[in-house]
């Protein structure tokens, strides 16, 4: 079904599908195409309203009887790492960060496959081949970087010679006007004890801080979903709930249950979307 605003992008709604986060529920997405000269402006504006990017599409959950999925972001200036997170940072201090253009490599795909096979063998990406992987990385009309993390094969603290370091983690990252958005990340499952997923977020907080960007966008947090519990462990976390960003507070106080009559119709949801002031 299509919905649109005057002189604005057209919005569509997907058919209900099984929810990947909460058993027995169905998910539905509101989405629009991301293309043209104003793609960056649209990505910036809709990211501030709880949307996420996947290739050349911006989407936001718009389920018929559930509002459990809430976009989450960290306020960089107020973030204070926990004792556990400081330990993770020390454990991974030897890793070398390399920011590259949005270009897929066979080395990245091999790491991606190892990650999926170990952590998400029954997920929606399980059958993704190298061409689909390349599309996920490269089909972006906005400012996007691939952030690689590499470990020196020989150990030690000296910088490794070219080609001597091994890829252990990757994050596909959008550069917004108010922050960094972690689109998708994956890492070597053999290094689970290094908490590489946590390290990626901690490093992006430092990247955003050094660039003067106020937020790091983490995607969706879902109360009641064990897959999403880790996001609530970061301090200075905000969630997009009820049309506004607000501190998460006590995660236990957020429920995934809601009466279906309290969910606004799609037309009303679209009407409240704020679009860029001066599209190119």
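Highest mean packing comes first when the peptides 44-53, 184-193 are listed by Cβ atoms within 10 Å, giving 44-53, 184-193.
One decimal place: the segment residue 244-residue 86 gains 53.8 nm when fully extended, by the rule 0.36 nm per residue minus the C-alpha distance.
The separation of the stretch 18-75 from the stretch 168-195, counted between C-alpha centres, amounts to 18 Å.
Annotation for residue 190 and residue 101: the two label points, set 7 Å from Cα along the Cα-Cβ direction, are 3.1 nm apart.
If one takes the longest principal axis of the Cα atoms in the chain, at what angle in degrees, from 0 to 90 and to the nearest 10, does the Cα axis of helix 196-211 lie? Its long axis makes an angle of about 80 degrees. On a 0 to 90° scale, report how tilted helix 106-119 is relative to the longest principal axis of the chain, with both axes built from alpha carbons and the result rounded to the nearest 10. Helix 106-119 and the main axis of the chain meet at about 70 degrees. Taking all Cα pairs closer than 8 Å and separated by 6 or more residues, the relative contact order of the chain comes to 26 percent.
Label sites at residue 271 and residue 132, each approximated as a point 7 angstrom past Cα along Cα to Cβ, lie 3.9 nm apart.
For semi-axes √(5λ) of the Cα gyration tensor in Å, the value computed from the atomic coordinates appears in the list (1) 43, 18, 18; (2) 26, 25, 16; (3) 32, 21, 19 under label (3). Measuring nothing but how far apart in sequence close Cα pairs (under 8 Å, 6+ apart) lie, relative to its length, the stretch 76-217 scores a relative contact order of 29 percent. Hey, could you get me the Stokes-Einstein D for the stretch 76-217, Kirkwood radius over alpha-carbon pairs, 25 °C and 0.890 mPa s, rounded to whole µm² s⁻¹? Translational diffusion coefficient: 154 µm²/s.
Averaging over all projection directions, the Cα-based convex hull of the stretch 25-142 occupies 10.4 nm² in the image plane.
Every number in this text was worked out from the coordinates using simple rules, so none of it is lab data. In this text, all values refer to a predicted model and were calculated from it rather than measured experimentally. Cβ atoms come from the backbone with ideal geometry, glycine included; neighbour counts cover every protein chain shown.
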